[in-house]
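Report on one structure; see the data block that follows.
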Amino acid sequence: MKNSPIVALDFASAEEVYQFLSPFEQTLFVKVGMELYLQEGPSIVYKLKGMGHDVFLDLKLHDIPNTVGQAMKGLARLGADLVNVHAAGGKAMMIAAREGLEAGTTAGNKRPAIIGVTQLTSTSEKQMQEEQLIQTSIDVSVVHYAKLVKSAGLDGVVCSVLEANKILDACGNEFLRVTPGIRLSEGEAHDQIRVATPSNARILGSSHIVVGRAITRADNAVQAYENILKVWEEQA
Ligand code: C5P
């Protein structure tokens, strides 16, 4: 799995994806989320893999253990490099997800890496307390989820940059800290609440960053990607 910034392909069709990717000369680590996957289906993953890209299939599964396990068995066959579930689905669900991936991976191949979503980066502490009735700080909730994810044998978490360091301390460096909510300056949060710049992300303990609109909506996407890649690699 590459360590380059993961580019979120939040587009509505494969056609828009190919148009976006065409000026790039190198292969990327891309993220296919539910918007694209629900329109294009498995073929988009096969095609991106065929083009040489690493694929994070960000479907954030959250259902009863048997359903998630069976779904993961199917997803393992697509060839995605990284998949995810909501940690809120519980430990049994996460174990079923990992076992489903193992069952769906053909002999001799490595199963896709799997990570748990802790709290969405669009969730504020106030919202978590009022809507989820979790009466603690967001940091405590996220670290608690990270430990649960690790105890289920998963490979890491999706979290905010602001929590990455605490997760690194609690779960170790091998445990992935994949962080969305990346902005070139703090002023452009869009709907994200817990945001950081790429260089802060590295300093604050992210192992991988996910960047969407800062690249996909830039006037020159290749240039925006190159700038972020440079800063990300410089801080390594
Ligand atoms: O455009 P932006 O950089 O905000 O895109 C972030 C991407 O990361 C989106 O595809 C979003 O669905 C995803 N994501 C997130 N927060 C999470 C998990 C995934 O923003 N906790």
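The values are calculated or read from the model by the stated rules, or taken from the named source; none is laboratory data. Keep in mind it's a predicted model, so treat the numbers as computed, not measured. Methodologically, a virtual Cβ is constructed for each residue, glycine included, from the backbone with ideal geometry; neighbour enumeration extends over all protein chains shown.
Annotation: Ala107 fulfils all but one of (1) among the aliphatic types (A, V, I, L, M); (2) at pLDDT below 95; (3) within 14 Å of the ligand (Cβ to nearest atom); the unmet one is (3). Residues in region 1-52 that are basic (Lys, Arg), surrounded by fewer than 20 Cβ atoms within 10 Å (Cβ to Cβ) and outside any loop (DSSP other than H, G, I, E, B): Lys47, Lys49. One residue alone among Gln135, Gln119 is buried (at least 23 other Cβ atoms within 10 Å of the Cβ), out of contact with any strand residue (DSSP E or B) (no Cβ under 9 Å at 6 or more places or on another chain) and either aliphatic (A, V, I, L, M) or on the phi < 0 side of the Ramachandran plot (or both), and that residue is Gln119.
What do you reckon, is Asp63 charged (D, E, K, R) and either assigned to a loop (DSSP other than H, G, I, E, B) or at pLDDT below 95 (or both)? Yes; evaluated as a whole, the condition is true for this residue.
Considering region 140-236, the qualifying helices (runs of 4 or more DSSP H), each wholly inside and each with 3 or more residues that are of a type outside the set (Val, Ile, Thr) and away from the ligand (no atom under 16 Å from the Cβ), run over 161-171, 221-234. Candidates in region 119-131 are the residues that are at pLDDT 95 or above and polar (S, T, N, Q); of these, the one that is farthest from the ligand (Cβ to nearest atom) is Gln129. Of the residues making up region 140-151, those that are closer than 26 Å to Leu57 by Cα and surrounded by fewer than 20 Cβ atoms within 10 Å (Cβ to Cβ) are His144, Lys147, Leu148, Ser151.
The single condition among (1) touching a residue at least 12 places away in the same chain (Cβ under 8 Å); (2) under 22 Å from Leu75 (Cβ atoms); (3) among the aliphatic types (A, V, I, L, M) that Ala107 does not meet is (1). Among the residues examined, Phe56 qualifies as within 19 Å of the chain's Cα centre (by Cα), within 15 Å of the ligand (Cβ to nearest atom) and within 16 Å of Gly79 (Cβ to Cβ).
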